[in-house]
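Reviewing the structure listed below.
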Amino acid sequence: MESNQRFEFRVEETAQQRLDHCLARLLPQFSRSRLQSIIKMGGVRIAGERASKAGQLVPPGVLLSVEIPAAQSSGLQPENTPLDVLFEDHDVIVVNKPAGMVVHPGAGHSAGTLANAALGHDPNMLGVGGEHRPGIVHRLDKQTSGLIILAKNDAALDWLQGQFQERNVRKTYLALVDGCPASPRGRVEAPIGRDPSHRKRMSVLPEGKGRAAVSDYYTREVFSSHTLLEVHPVTGRTHQVRLHCALLGCPVAGDTIYGRKKPTIKIDRHFLHAWKLDLLLPSEPGRRIFEAPLPAELEETLDELRARRRQESR
């Protein structure tokens, strides 16, 4: 049975520094998120005193003690589920996720997730970023299709998390919405947090009550009762694109949670697709742009709307 790992370091820097930054330098084999979790669990001591915050300042010359708990079995099983891999190297996997697939295990979803499939694809990803979420850097809703990037090692996970935190990743979604925004292009700035009345849902909240959320949008195509938008979420809050579209008065078509209870299109999902990812990869000098084509059912929906528009214009 694997045992806990213990480390001791004498801090040699001459100036105070944040604890998480100090540990990231001393223990580069562990991701920063893993180290921050260990701090929260009380696994780090500064001069014998238990540390409580990742941002706690570490004085020069002090003795740091770190205990890394042994990995616990999560019960997460690798599954031989085919993945639509658009790119892969020794650091990352870029996947075109289908609608209907949950990203990682949660309540009611212990199997059949992207995490299960990722482990089946590469068993060495177990433990990268946490036992339940191997390699997961960001998420997509169950019924949202499109691009998602996974890290294959802790160093790549740290790199990608830094890219997202610094807002250096440009994400582009395609959303068919009900109605038409008042302006063909614009920016939505509205904080998002847990809905106080429905804890399983998110909500746009008053200033100061939720986390800052910003989305830019651009009109690509206009139909009689729908609009195809290109949406660029500057931040990455849960359900952000869906909530911000609803705030515009144009909810995502097929979104029965934040939009109309009776869908206006004939598909069994909401029309939201993570179309492009523009970012820096750990092992490449320049930016890369990945693109996932629209799934057949979404393309067919647009074809039907275009055919209807041609008929109406005659």
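The values are calculated or read from the model by the stated rules, or taken from the named source; none is laboratory data. Everything quoted here is computed from the prediction, not taken from an experiment. Every residue, glycine as well, gets a Cβ built from its backbone with ideal geometry; the counts of neighbours run over all protein chains shown. Accessible surface areas use protein heavy atoms only, side chains included; no ligands, DNA or RNA. Shrake-Rupley method; radii C 1.70, N 1.55, O 1.52, S 1.80 Å.
List of remarks:
- Any chance ALA118 is touching a residue at least 60 places away in the same chain (Cβ under 8 Å), more than 17 Å from LYS276 (Cβ to Cβ) and not in a strand (DSSP E or B): no
- Some residue of region 9-21 being open to solvent by 20 Å² or more (accessible area, probe 1.4 Å) and in contact with a Ser or Thr (Cβ under 9 Å, 6 or more places away or on another chain): yes
- Filtered by the rule that a residue be of a type outside the set (D, E, K, R), open to solvent by 50 Å² or more (accessible area, probe 1.4 Å) and part of a strand (DSSP E or B), region 270-292 gives a lone residue, ILE289.
- Some residue of region 188-202 being closer than 17 Å to ARG139 by Cβ, in contact (Cβ under 8 Å) with a residue 40 or more places away in the chain and in contact with a Gly (Cβ under 8 Å, 6 or more places away or on another chain): yes
- Test: residue in region 262-269 that is on the phi < 0 side of the Ramachandran plot, outside any loop (DSSP other than H, G, I, E, B) and open to solvent by 30 Å² or more (accessible area, probe 1.4 Å): no
- Residue within region 293-308 that is part of a helix (DSSP H, G or I), at pLDDT below 95 and of a type in the set (Lys, Arg) present: yes
- Condition check for SER52: at pLDDT below 85 and either within 28 Å of LYS200 (Cα to Cα) or in contact with a Leu (Cβ under 9 Å, 6 or more places away or on another chain) (or both): no
- Entirely in region 138-213, the strands (runs of 3 or more DSSP E) that have 3 or more residues that are open to solvent by 40 Å² or more (accessible area, probe 1.4 Å) and at pLDDT 95 or above: 185-189
- Complete set of residues in region 11-51 that are part of a helix (DSSP H, G or I) and under 19 Å from LEU160 (Cα atoms): ASP20, HIS21, LEU23, ALA24, ARG25, ARG32, SER33, ARG34, LEU35, GLN36, SER37
- Top-ranked residue in region 226-261 [being charged (D, E, K, R) and within 23 Å of HIS138 (Cβ to Cβ); ranked as most open to solvent (accessible area, probe 1.4 Å)]: ARG237
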